Amino acid sequence: MTWQLTDEQLAIQAKARALATEVIGPRAKAVDEAEQYPWENVAALQEAGFTGMTVPKEFGGPGHSFLDAVLVVEEMAKTCGVTGRIAVEANMGAISAVMAYGTDEQKKIAAELVLSGDKPAICITEPGAGSAASLMTTRADRRGDTYISNGKKHWITGGTVSRMHLIFARVFAEDGTEEGIGGFLAFRDETPGLRFGDREPTMGLRAIPEMEVIFEDMEIDADMVVMPPSGFRHGFGDLMNAYNSQRVGAGTVSLGIAQGAYELALEFAHQREQFDRPIAEFQGLQWMLADMSVKLEAARSLTYRAAESRGNGGSPFPDATLAAQAKIFTAEAAIEIVNDALQIFGAAGYSRNNPLERMYRDVRMFTIGGGTAQILRTLVASRILDMKLPQGRGSFLPKGTAQ
Ligand code: FAD
Ligand code: COA
């Protein structure tokens, strides 16, 4: 497989680069400091056609590929991680799940929202169920034509600013029988019982609220159930399959931040002089920069390959193993690259006047959010070994030996 971008993709990339350089980048410091959702950047993305990119033409979208969206995310993240993340969720994740599994009515609603700039929230993580997401306790109980949901999610990106929420919940039939895990669509300011708790004071990516999202007898019309193809019984796996698109997107944000940091370091290495020479003439830094470039090329290849794996075997989503491999490598490499770029700047890199300080905080999140680097290694191991690898203690110890 080759990463020769098509003329159309090169045009998308050039347009995104211009927007990022001229509009988004100059605002990045202020956006970080204000810790307010950058609605003006959302409007700029939407006007440029960079939200709802993957929505098919029949639902009013341009029907772009995941790789097209990845190119936009990468360019935005080079100058502003927050805007990169918004571009992810306005093009991948919840919207991908609805476009693959939803009813026509759901697709219409979701398409209109993202095309008008909404960044849907995906609500999986709970205080007691992070990596162990399948142990979620949020429930949805069938009552006639509605589901009544109770529970609490946390670390929900975009809570209070997103209109659409895709909520993962344990589903119970009218008679109390547990049916599996399903996806439910709820809408800010519309769905009764949907409310927001505390905002997390985050280390980086500060302009997107990370929120507790609370469901108190939340009423969801049964028409708003995003029914996975094999029903609720395998609903969790099917919804996680859709989530692979967002994993590729998350990796791409870290790639973009790292590329941006690398470009700053390259420029600085030529400008800064010590011992009467540009520091670029010192082999110690030359090899650091060379290693950074190697990691970036490898990360980009993995990320693009994962994005392009959509359609393999007829799947509407990127391949789970490739998405995890790409995110593990890219997120870890990106943290190293930004750290090295900061080192090349010396004390200037440690100043809050330098964008690297923000990039260092922003990039740190990508080995955590969207599946930690550890949990993704278990997924990869499970796939390459063709083994189920249940992580619960009872799965490893003979019954009766657990403490
Ligand atoms: P834990 O699961 O408690 O893990 C703690 C540590 O133990 C980690 O190092 C982990 O790797 C390790 N660990 C756990 N289990 C294993 C195992 N079996 N083997 C090896 N190591 C293990 N969630 C959403 O649903 N929606 C969002 O929009 C969202 N946005 C986020 C944004 C940010 C900025 C962040 C930081 C998180 C976000 N999350 C979101 C939550 C994120 O998905 C979880 O943080 C993540 O899945 C890990 O869960 P945890 O934080 O509870 O860590
Ligand atoms: N893509 C496709 N299918 C997936 C998947 C993925 N990314 N992750 C899990 N599945 C499927 C499994 O293949 C399995 O299907 P099977 O029953 O047909 O074999 C099913 O879902 C259950 O997965 P399993 O690994 O057995 O689940 P578990 O109960 O051990 O839970 C996870 C482990 C999936 C929760 C854990 O690996 C994980 O991804 N945690 C991070 C959650 C996360 O990313 N949160 C981000 C919130 S923004």
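For segment 210-217, the count of residues that are aromatic (Phe, Trp, Tyr), farther than 22 Å from ARG300 by Cβ, modelled with pLDDT of 95 or more and within 16 Å of ligand 2 (Cβ to nearest atom) is zero.
Within the option set THR125, THR137, being touching a Gly at 6+ places or on another chain (Cβ under 7 Å), modelled with pLDDT of 95 or more and open to solvent by 30 Å² or more (accessible area, probe 1.4 Å) holds for one residue only, THR137.
Taking every residue in segment 29-51 that is on the phi < 0 side of the Ramachandran plot and pairing it with any residue that is surrounded by fewer than 16 Cβ atoms within 10 Å (Cβ to Cβ), at least 6 positions away or on another chain, the pairs with Cβ-Cβ distances below 7 Å are GLN46/SER116.
Filtered by the rule that a residue be under 20 Å from the mean Cα position of the chain (by Cα) and open to solvent by 50 Å² or more (accessible area, probe 1.4 Å), segment 173-206 gives ARG199, GLU200, PRO201, MET203, ARG206. Residue count for segment 228-251, restricted to those that are open to solvent by 10 Å² or more (accessible area, probe 1.4 Å) and farther than 30 Å from VAL72 by Cβ: 5. Scanning segment 186-231 for residues that are hydrophobic (A, V, I, L, M, F, W, C) and touching a Lys or Arg at 6+ places or on another chain (Cβ under 9 Å) yields PHE187, LEU194, PHE196, MET203, LEU205, ILE208, MET211, VAL213, ILE214, PHE215, MET218, ALA222. Number of residues in segment 128-141 that are more than 8 Å from ligand 1 (Cβ to nearest atom) and not hydroxyl-bearing (Ser, Thr, Tyr) equals 6.
Annotation for segment 290-302: at least one member residue is open to solvent by 20 Å² or more (accessible area, probe 1.4 Å), hydroxyl-bearing (Ser, Thr, Tyr), part of a helix (DSSP H, G or I) and under 29 Å from MET387 (Cβ atoms). Restricted to segment 152-164, and to residues there that are open to solvent by 40 Å² or more (accessible area, probe 1.4 Å) and either free of Cβ contacts under 8 Å to residues at least 24 places away in the same chain or within 15 Å of ligand 2 (Cβ to nearest atom) (or both), the residue that is nearest to GLY93 (Cα to Cα) is TRP155. Six or more apart or on different chains, Cβ atoms under 8 Å: show the pairs whose first residue is in segment 131-151 and among the aromatic types (Phe, Trp, Tyr) and whose second is not in a strand (DSSP E or B). Final answer for the pair search is TYR147/ALA222.
Within segment 268-289, can one find any residue that is within 19 Å of the chain's Cα centre (by Cα), surrounded by 13 or more Cβ atoms within 10 Å (Cβ to Cβ) and in a helix (DSSP H, G or I)? Looking through segment 268-289, none of the residues is within 19 Å of the chain's Cα centre (by Cα), surrounded by 13 or more Cβ atoms within 10 Å (Cβ to Cβ) and in a helix (DSSP H, G or I). I'm told PRO192 meets every condition in (1) within 14 Å of ligand 1 (Cβ to nearest atom); (2) without any contact (Cβ under 8 Å) to a residue 60 or more places away in the chain except one. Can you identify the failing condition by its number? Answer for PRO192: the failing condition is (1).
The values are calculated or read from the model by the stated rules, or taken from the named source; none is laboratory data. As the structure is a prediction and not an experimental result, all values here were calculated from the model. Cβ coordinates were reconstructed from backbone atoms using ideal geometry, including for glycine residues, and neighbour counts include every protein chain displayed. Note: areas computed on protein heavy atoms with side chains; ligands, DNA, RNA excluded. Shrake-Rupley method; radii C 1.70, N 1.55, O 1.52, S 1.80 Å.
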